[in-house]
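Below is one structure, written out as structure tokens; comments come after it.
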Amino acid sequence: MDSVLDVIYKGHWWQHSGLRKLNFYIALVIAASAINGYDSSVLNGLQILPEFKKHFNSPDGSTLGFMSAAQNFGGLVMLPFAPYISDGIGRNRTLSIGCFIIASGVVLQTLAASVGHFIASRCIIGLGITLITNAAPVLVTELAYPTHRGSLTALYNTLWYFGSILSAWVCYATLRTLSGSIWEWRLVPVRFFLFCP
């Protein structure tokens, strides 16, 4: 019988059609980390937008802190259940449900009419973020080809920063292009999700 080392593909992954397809699907799962980084940092950027301040009557102190922490409150609510959901219905379904919850929260956040509405939408986003951040890294390590596992896991962790930096640039671009428009702050949460699977 051959050893494991004898059957592992040793060429470049892009030269093997099966590995290209596998890595494409893993890239979609890894996007969960960038989504987490984007949404975790989006409120920092929203604070510089004049229309955001105007719409919510210049929130500061405890109000601003609560708006920022709301995502974590939603995450804390989901935290005890996320591993059981992921194990019970599978990681793919958990990711799908988490993405649906995040998308719902983003729509509510975009349509927020009051501080309470905005905080509730951030809590909903936190529920979904906890689901995807529980399922995605485990799915990446389960699906990755053995010789790619370490690199893909490291890439998953690194992409949080990519999402965070992208969030800052989207806020800046929105400030420069939509200044004075009600959509100045409303489009920031949505823009990233237009490009995500």
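The values are calculated or read from the model by the stated rules, or taken from the named source; none is laboratory data. In this text the structure is predicted, and so the values were computed from the model without any measurement. Because the Cβ atoms are built from the backbone with ideal geometry, glycine has one as well, and the counts that use them run over all protein chains shown. Heads up: the accessible areas ignore ligands, DNA and RNA and are worked out on the full protein's heavy atoms, side chains in. Shrake-Rupley method; radii C 1.70, N 1.55, O 1.52, S 1.80 Å.
For this structure, a couple of remarks:
- ARG176 vs. criteria outside any loop (DSSP other than H, G, I, E, B), within 16 Å of SER68 (Cα to Cα) and charged (D, E, K, R): no
- Among the candidates SER114, SER104, the residue that is of a type in the set (S, T, N, Q) and open to solvent by 50 Å² or more (accessible area, probe 1.4 Å) is uniquely SER114.
- Between ILE97, ILE119, the distinction of being more than 29 Å from GLU51 (Cβ to Cβ) and of a type in the set (A, V, I, L, M) belongs to ILE97 only.
- Answer from SER86, SER167, SER181 - the residue that is in contact with a Ser or Thr (Cβ under 6 Å, 6 or more places away or on another chain), open to solvent by less than 70 Å² (accessible area, probe 1.4 Å) and touching a residue at least 60 places away in the same chain (Cβ under 8 Å): SER167
- Contact annotation: residue pairs with Cβ atoms under 7 Å, 6 or more positions apart or on different chains, pairing a residue in the stretch 56-80 that is farther than 22 Å from SER104 by Cα and in contact (Cβ under 8 Å) with a residue 24 or more places away in the chain with a partner that is open to solvent by less than 70 Å² (accessible area, probe 1.4 Å) and part of a helix (DSSP H, G or I), are PRO59/MET67; PRO59/VAL115; THR63/VAL115.
- PRO80 fulfils the conditions (1) more than 28 Å from ALA154 (Cα to Cα); (2) not in a helix (DSSP H, G or I) except for a single criterion, (1).
- Some residue of the stretch 137-160 being surrounded by fewer than 14 Cβ atoms within 10 Å (Cβ to Cβ), out of contact with any Leu (no Cβ under 6 Å at 6 or more places or on another chain) and not in a helix (DSSP H, G or I): yes
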